[in-house]
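Let me begin by presenting the structure, written as structure tokens, before commenting on it.
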Amino acid sequence: MSDLETIRKEATQAVASAQDIDALEKVRVAYLGKTGVITSQMKSLGTLPPEERKTFGASVNVVKDEITALIENTKQALETAALSARLAHEKIDITLPVRPEQKGSIHPITQVMEELTAIFGALGFTSEEGPDIEDDFHNFTALNIPANHPARQMHDTFYIKDEKGEGGNGNVLRTHTSPVQIRVMERFVKEKQQSPLRFIAMGRTYRCDSDMTHSPMFHQIEGLVIEEGVTMANLKGCLTEFVRAFFGRDDIPLRFRPSFFPFTEPSAEVDIGCSWENGELKIGAGKSWLEIGGCGMINPNVLKNVGLDSTKLQGFAFGMGIERMAMLKYGIPDLRPMYESDIRWLNHYNFGALDIPSLVKGVAG
Ligand code: PHE
């Protein structure tokens, strides 16, 4: 066997036994590198007599091309195998189930506030807001509750102290949402808007009072309508429509019980019909009544306090406790867990984020 034939065979074996690109590269260098076997064969050409040089040169070239092609093909095969191995190794199993997500949910108070917005929105009411820290004028005086009026005592007010811990500047945590009436009416006058004015205002209210059924912080909804010619009958119709849409039944009677609020005249407390069956409360026509809020025709003094002409305009206002509405509608027996952030309670009474109130259906258009 000629030298060249031996070289060809050995090279072929060396390529075949190369397990990876690095090993193959070593084989390439050993045969085709500067000092490689084939290269030295080429170099030896010069030492041969001219007649042998041509045929030997051609033979070396044939072997060189063969080995070069073999190495190239093997390199490609090894690269493909390496890529496949890497892809198999890095594969992500997308069939695995996703990690369970913590679901956020809507607190019953928020849910009821959304329902109230939807129902009153359908009745033509816009939504307004006011600050939690109020001045004496908006929380009391403008609402026809002057200093030393006994009604101030009824409110168990939280007074805000100044930096020295003293009397402060008369600011309070609002004891009801009625100061928003004043703020919106002031804007109504300032911007010379035309009646009707029809809005609700919801939010936190504060009273220094705490037991089974009272929390120092609670939520109220305020409603106000100013329109020429509105009467107590419109007030009653509006609240009847609301109560029926909110509780989703048409047979709920309303009772207006004469009462007193300094900012309304006449004033009434609103009761809805209910019954007790085996200790369970049912809203709807029955033998009993439940109070849900206060209301009345706006006292002309309040209209005068904000600069409205009480001889031309009149209106009505109402106020209700949002926690109470939530408890009655969703059968929540105790007020206090509403603010305890107990996950078990929240899971029991909460609402899904997509649980959009559909109560608007019940409201006449
Ligand atoms: N602001 C009253 C309260 O908190 C409720 C009310 C509002 C009564 C509007 C009449 C009209 O008790």
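The values are calculated or read from the model by the stated rules, or taken from the named source; none is laboratory data. Predicted model, so just to flag it, every value in this text is computed and none were measured. Note that we place each Cβ from the backbone using ideal geometry, even for glycine, and neighbour counts take in every protein chain shown. Ligands, DNA and RNA are excluded from the accessible area calculation, which covers all protein heavy atoms including side chains. Shrake-Rupley method; radii C 1.70, N 1.55, O 1.52, S 1.80 Å.
Overview of values
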read-out	value
Qualifying GluC sites (Glu not before Pro) for region 201-275 [loop in DSSP, other Cβ within 10 Å: at most 16]	GLU227, GLU228
Extension gain (nm, one decimal) between SER127 and HIS89, 0.36 nm per residue minus Cα-Cα	7.8 nm
Modelled label reach - GLU340, point 7 Å along Cα→Cβ, region 92-129 residues with backbone N closer than 16 Å	108
Farthest positive-ward along the chain dipole, Cα basis, beta-carbon charges - from ASN301, ILE332, ASN61	ASN61
Efficiency of FRET between ALA147 and ASP209 - r from beta-carbon atoms, R0 25 angstrom, step 0.05	0.70
Within-11-Å neighbourhood charge of THR213 [Cβ basis; K, R +1; D, E -1]	-2
Estimated translational D of region 80-151 in µm²/s (Stokes, Kirkwood radius over Cα pairs; 10 °C; 1.306 mPa s)	82 µm²/s
Over region 220-365, relative contact order from alpha-carbon pairs under 8 Å, at least 6 apart, %	27 percent
Cα point-scatterer Debye curve for the chain, base-10 log of I(q)/I(0) at q = 0.08, 0.10, 0.15 Å⁻¹	-0.53, -0.74, -1.29
Rounded to the nearest 20 debye, dipole of the chain from Cβ charges on Lys, Arg, Asp, Glu	520 debye
Eligible aspartates and glutamates near LYS64 by straight Cα distance, threshold 15 Å, same-chain separation 8 or greater	ASP3, GLU5, GLU10, GLU72
Selection from LEU4, ALA233, GLY36, by position along the positive dipole direction of the chain (Cβ)	LEU4
When each of LYS9/LYS43; LYS190/LYS236; LYS161/LYS304; LYS54/LYS75; LYS192/LYS236 is checked by Cα-Cα distance, pairs over 23 Å	LYS190/LYS236; LYS161/LYS304; LYS54/LYS75; LYS192/LYS236
For region 108-352, accessible area per residue (1.4 Å probe, heavy atoms of protein chains only), Å²	48 Å²
Rounded accessible area of LYS304 (nearest 10 Å², 1.4 Å probe)	120 Å²
Options HIS219, ILE343, TYR159, ranked by Cα towards positive dipole end of the chain, top entry (Cβ charges)	ILE343
